[in-house]
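Heads up: the structure comes next, in structure tokens.
The values are calculated or read from the model by the stated rules, or taken from the named source; none is laboratory data. Here the structure is a predicted model, which means the values were calculated and not measured. When we count neighbours, we look across all protein chains shown, and the Cβ atoms used for this are built from the backbone with ideal geometry, even at glycine.
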Amino acid sequence: MELMRDLLDKQVFDRRRVKIGKVDGVVAELRRGKPPRIVAIELGSITLARRLGARPGEWMAQLATRVGGKRHAEPHRIAWKKAQDNGLDIECDIEVGETSIFAWQDWLRDHVIGRIPGA
Amino acid sequence: MKKLLEISLGVVTSVGGFLEVGSMATAAQAGAAFGFQLIWAIVLGTICIIFLVEMAGRFAAMSHHTISEGIRERFGFNVFLWPLLVVLLVNFMVLSAEIGGVAIALELATGIGFQWWALPVALLAWLLLWKGTFGFIEKGVSVLGLVTLCFVVGSVMLKPDWTAVAGGAVPSLPAHDAINYWFMASSILGASISPYLFMFYSSGAIEDKWDESHLGANRAIAGLGMTFGGTISIGVLIVAALVLATRGIDQVDDYHQLPLMLIPIFGFWGFVLFVASLAIACFGAALEVGLQQAYLVAQGFGWTWGEDRKPRDDPGFSAVYTASLFLAAIPIVLGLDPLRLTIFSMAVTAASLPLTVVPFLFLLNDERYVGEHRNGIISNAAVIFIIALAFVLAVVTIPLQIFGGT
């Protein structure tokens, strides 16, 4: 597998085939004398902002903490052992409802979209 | 039989997508100012969009990914950010122009100023997206869009010199107003080769659950649908050339001049047909562009999306089209001239094309996405030609706009 080609930016699904985001970042562990090993994938705006530069990353982390609280101060991580490469997409053995990945979508539903008639 | 029905529906749908305020306004302006001479630009634009739409549909049918998803996944976030921001901005202007087009039609029909109509139009479009399904939006509105065939009927009834019409299909140098001529040529190309059209088409293929068995239908729909759309645009141009130009209007700079086009042919009904065509074509396009904004963002960031879901099931997606529609109504509410906005947004579309057409060369040759149905020599030659054309347009359109725009 080539990390940049086959993993980064790919679509991520959860166990129930819900689209939960893209692989915004990859976390690898450097090991002495051995090749590095992937330990997790990251999702979310903080990781994306970090890809644009260190400073945008800091700003986004501050913003996320201010808006979402401490729970959102770090990017969402999914352990690599829960992930499976399905060709074009990545499927993870998690349920998005058990993570805080869709917390903002839930907030949007509860406070805005869900309050509009017919939603 | 089922396939045939599917193809005909698809053709009707893509006609609905093709014809919008941009193609109508640019074709009318070109016909009034240069007679049949710019027909070639519509023909060229139509051929380009046939190829792009076919590829967008094939990509979606084979990979179950849309073009926007492909750009993000294949090129990475840092590259995707550019087409994302530029297309969002261009689509914002186009959406505003479409809302303006409907608003002008309503002004022509009622006498109440167009500014007052922008918010009701946006509200109605939003309501349809909020409550409607993809099939409803796709089919319902585009069937109504067949009213625009009145331009084709009208152009035949005017008995144009068909040799001269055919002559216009061959590019030629202008005898006067060279800068304006080339500006119009590039706006026509921008109006025909709309990124929202092929991006929307690939999302539609996913919404309609296309797979490999749809490749034949896709080819027929792309070819026939876009050809029909182009034919209607040529109809608009012919009618404008024969009606407006002979009545001393060689500069269409006001929407109020446009209903004149069909009146000599159909009398009072010509006015009604024009207003209905403008309203329906623009409204259909507004629905598609509004939806496309949401597709683009949701697909780029990997959220759940789909027009058949309830808004509460994909809040991010529905929030984007809601915001897009109402924001796009604002410039019209503030009284920005819809015709000028239309012409400007077509030029900006043309200038933005490289960002959206270059990815086709890579995506449609990537086996992991399209398997054995990669581009052949002809499709690749077409993409390379379109990319070259896109770069020329990107460089020349804005200077032409400044020096020769209306």
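Checking every residue in the range B:276-296 against the condition of being among the aromatic types (Phe, Trp, Tyr), over 14 Å from the mean Cα position of the chain (by Cα), more than 16 Å from B:Gly17 (Cβ to Cβ) and part of a helix (DSSP H, G or I) gives zero matches. List the number of the failed condition for B:Ala61; all other conditions in (1) within 9 Å of another protein chain (Cβ to nearest Cβ); (2) closer than 30 Å to B:Ser213 by Cα hold. It fails just one condition, (1).
Among the residues of the range B:297-314, how many are closer than 14 Å to B:Trp126 by Cα and over 22 Å from the mean Cα position of the chain (by Cα)?
Keep residues of the range B:297-314 that are closer than 14 Å to B:Trp126 by Cα, which gives B:307, B:310-311.
Okay, now just the ones that are also over 22 Å from the mean Cα position of the chain (by Cα), so B:310-311.
Total meeting the criteria: 2.
Name the residue that is farthest from the other protein chains (Cβ to nearest Cβ), counting only residues in the range B:64-97 that are buried (at least 17 other Cβ atoms within 10 Å of the Cβ) and among the aromatic types (Phe, Trp, Tyr). My answer is B:Phe92.
Which residue out of B:Lys131, B:Lys139 is surrounded by fewer than 18 Cβ atoms within 10 Å (Cβ to Cβ), among the charged types (D, E, K, R) and either modelled with pLDDT of 95 or more or over 30 Å from B:Phe271 (Cβ atoms) (or both)? Lay out the reasoning, then the answer.
On the way: B:Lys139 fails: either modelled with pLDDT of 95 or more or over 30 Å from B:Phe271 (Cβ atoms) (or both).
Sole residue among the options that is surrounded by fewer than 18 Cβ atoms within 10 Å (Cβ to Cβ), among the charged types (D, E, K, R) and either modelled with pLDDT of 95 or more or over 30 Å from B:Phe271 (Cβ atoms) (or both): B:Lys131.
List the residue pairs whose Cβ atoms are under 7 Å apart, where the first residue sits in the range B:299-314 and is more than 7 Å from chain A (Cβ to nearest Cβ), the second is of a type in the set (D, E, K, R), and the two are 6 or more positions apart or on different chains. Note: pairs meeting the criteria are B:Gln299/B:Glu69; B:Gly300/B:Arg72; B:Trp305/B:Asp314; B:Gly306/B:Glu207; B:Gly306/B:Asp314; B:Glu307/B:Glu207; B:Asp308/B:Glu207. Of the set (1) within 14 Å of chain A (Cβ to nearest Cβ); (2) closer than 18 Å to B:Leu127 by Cβ, all apply to B:Ala286 but (1).
Restrict the check to the range B:340-352 and report whether at least one residue is modelled with pLDDT under 95, away from every other protein chain (no Cβ under 13 Å) and touching a Leu at 6+ places or on another chain (Cβ under 6 Å).
Applying the first criterion (modelled with pLDDT under 95) to the range B:340-352 yields B:340-352.
From what's left, away from every other protein chain (no Cβ under 13 Å): B:340-352.
Next, from what is left, pick out any that are touching a Leu at 6+ places or on another chain (Cβ under 6 Å): B:350.
The answer is yes, given that some residue of the range B:340-352 is modelled with pLDDT under 95, away from every other protein chain (no Cβ under 13 Å) and touching a Leu at 6+ places or on another chain (Cβ under 6 Å).
When we screen B:Phe326, B:Phe317 for residues that are under 14 Å from B:Ala122 (Cβ atoms) and within 14 Å of chain A (Cβ to nearest Cβ), the only hit is B:Phe326. Can you find even one residue in the range B:101-112 that is surrounded by 24 or more Cβ atoms within 10 Å (Cβ to Cβ), more than 14 Å from chain A (Cβ to nearest Cβ) and within 17 Å of the chain's Cα centre (by Cα)? Looking for residues that are surrounded by 24 or more Cβ atoms within 10 Å (Cβ to Cβ), more than 14 Å from chain A (Cβ to nearest Cβ) and within 17 Å of the chain's Cα centre (by Cα), one finds at least one in the range B:101-112, hence yes. Within the range A:2-59, the set of residues being on the phi < 0 side of the Ramachandran plot, away from every other protein chain (no Cβ under 12 Å) and not in a strand (DSSP E or B) comprises A:Arg15, A:Arg32, A:Ile46, A:Ala54, A:Arg55, A:Gly57, A:Glu58, A:Trp59.
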